[in-house]
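Have a look at the structure below before the remarks.
Computed from the coordinates by the stated procedures, all read-outs in this text should not be read as laboratory data. Computed from a predicted model, the values in this text were never measured in an experiment. A quick note on method: Cβ atoms are made from the backbone with ideal geometry, for glycine too, and the neighbour counts reach across all protein chains shown.
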Amino acid sequence: MSGSLSEWQAGREAEASTDRARAFHRLYLRLRIDDQLRYYQARRGEYAHAHRQVVVLRSALLLGAAAAGVITQSTAGTARAAWAVAGALLAALAGAVTAFETLVGFPQLEKVYGDAARNLEEAKVDWEDVDPETVPEHEVERVEDVFRSERGQWGQLVVKSAAPAPPAAPVAKEPPATG
């Protein structure tokens, strides 16, 4: 009787281990991979949309500045001065919009999130092919590597955006005193 009890207990433990592995597989896919993938895709879309908006706004401002310049040529007096000022202001605003886009770096941010999403999609395909009754340490590590590489790209952006220090001015040497 004790032999069958221990066999039953061993069977229950193996079944519980398999159930835990399946639950881990399902939860990791849903809560870690899918959730982070949705986040990356949403951020990529957000920055792509922001970049398109900046391009349209900048183009409209430059078109307005050009139109003001054309109108300036066909008017005289105070109206001519007003159109010239309007054209200059529109061109300045276009420059400010361009500077803002460069400062924020919409295309670079879109690329960071896009790369992370693509890498995670590949890891997700491999995760779905893994036997859910095992705990796939190698695949967990691969998914976590995607997250680590995304964080590493942030460091590259920070270094890239840092302004280089101006070169040090040479120190002038005084001529030797004669005496």
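What the table below lists for this structure:
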item: Difference of contour (0.36 nm per residue) and Cα-Cα distance, Thr102 to Ala88; result: 2.9 nm
item: Calculated FRET efficiency for the pair Glu46/Thr134, C-beta based, R₀ 45 Å, to 0.05; result: 0.75
item: Footprinting exposure proxy for Val55, Val125 (fewest neighbouring C-beta atoms within 10 Å first); result: Val125, Val55
item: R0 of 35 Å, Cβ-Cβ distance Arg142-Ser59: FRET efficiency to nearest 0.05; result: 0.25
item: Contact order normalised by residue count of the range 12-155, Cα under 8 Å, 6+ apart, percent; result: 35 percent
item: Residues Ile71, Ile33 arranged by fewest to most Cβ contacts within 10 Å; result: Ile71, Ile33
item: Ser6-Arg26 FRET efficiency (beta carbon distance; Förster radius 25 Å; 0.05 resolution); result: 0.25
